[in-house]
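One structure is given below, encoded as C-alpha cells.
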Amino acid sequence: MTIFFIFLGIGILFFILFYFSYIISLVIAGIVPLATTQSAVRIIADIIQAEKTAHTIYDVGCGYGECSRALQKRLPNVCIYAIDNSTLRIFYAKIFSFLQRRKVFFQSGDLFQMPLADADVVYCYLPWSLMPRLEEKLLKELKPGACVITNTTRFPQWTHEQTHQTHAGNEYFEMLYVYRKK
C-alpha cells in the first residue's frame, strides 16, 4: 500500500510539473498553437489517401504534434516530418509521440530554413501573416504534383483546387484548402 502512495505522489508531482512547464512554454513561445480538430484530421487523412504517391508528409508549424500523431495513426505507412519553431513544443511533441507509440519525426527550427523539396504533401495551420512567405517557398521548392493543404488560411496568389468544410454550417472554422504544385 505504501508503494502505491509513493507512485501516486510521484505521478501527481510529475503531472503538476508537466502542467506548469506547459503553461510556461505557452508564455515563452508568445503564441498558442492552434490544434487541428479530429474532424479535420479525418478529412486530411482522406485527402492524403487519395494521393496515391503520398509517402512523405510535412506538418509545418506542428505545435505539440497532435495532428501529426493522429495522421500517423490513420496512415501508418507514410513518413511524417513535423516542424515547429519552439524547442519546448517539440520536446512535448516527442514525449507525447513516445507515450502513444507514434513514429513521427519532430524537428525544431525555422520552417523557412528547412528543405521541403522531398515533400509529397505539406500541411499547415498557420497565421495569415506567414502565408505569403510560405507560398513563395513552396512554389520554389516543391516538386511538381506535390499537394499542399492549408487550414483556415489561404495563400494570396496560389489558386486552390479543392475546399473542404470540416464543420457543417460554419464556413469560417477550419476550412481546408487543397493546392497542387504545377
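The values are calculated or read from the model by the stated rules, or taken from the named source; none is laboratory data. Please read all numbers here as calculations on a predicted model, not as lab measurements. A quick note on method: Cβ atoms are made from the backbone with ideal geometry, for glycine too, and the neighbour counts reach across all protein chains shown.
Structure notes:
- Selection within region 157-171 - in contact with an Asp or Glu (Cβ under 8 Å, 6 or more places away or on another chain), at pLDDT below 95 and either not hydroxyl-bearing (Ser, Thr, Tyr) or not assigned by TED's automatic domain parsing to the domain that holds Val60 (or both): Gln165, His167
- Residue, surrounded by the most Cβ atoms within 10 Å (Cβ to Cβ), within region 34-68, restricted to residues that are among the β-branched types (Val, Ile, Thr) and part of a loop (DSSP other than H, G, I, E, B): Thr36
- Meets criteria (touching a Gly at 6+ places or on another chain (Cβ under 9 Å) and in contact (Cβ under 8 Å) with a residue 60 or more places away in the chain) for Asp84: no
- Subset of region 49-65 that is at pLDDT 95 or above and in contact with a helix residue (DSSP H, G or I) (Cβ under 9 Å, 6 or more places away or on another chain) - its residue that is farthest from Pro127 (Cα to Cα): Ile57
- Residue satisfying all of: in region 158-168; part of a loop (DSSP other than H, G, I, E, B) and in contact (Cβ under 8 Å) with a residue 24 or more places away in the chain; nearest to Arg133 (Cα to Cα) among these: Thr166
- Residues located in region 123-174, provided they are polar (S, T, N, Q), closer than 18 Å to Ala35 by Cβ and loosely packed, with under 15 Cβ neighbours inside 10 Å: Asn170
- Residue that is in contact with a helix residue (DSSP H, G or I) (Cβ under 6 Å, 6 or more places away or on another chain), more than 19 Å from Gly65 (Cβ to Cβ) and among the aliphatic types (A, V, I, L, M), where the choices are Ala117, Ala168: Ala117
- Residue identified as under 11 Å from the mean Cα position of the chain (by Cα), modelled with pLDDT of 95 or more and assigned to a helix (DSSP H, G or I) among Leu138, Leu71: Leu71
- Qualifying residue in region 102-109 (condition: among the aliphatic types (A, V, I, L, M) and either in contact with a strand residue (DSSP E or B) (Cβ under 8 Å, 6 or more places away or on another chain) or within 24 Å of Tyr64 (Cβ to Cβ) (or both)): yes
- Test: residue in region 105-122 that is farther than 27 Å from Pro76 by Cβ, in contact with a Ser or Thr (Cβ under 9 Å, 6 or more places away or on another chain), crowded, with 18+ Cβ neighbours inside 10 Å and in the same structural domain as Ile57 (by TED's automatic domain parsing): no
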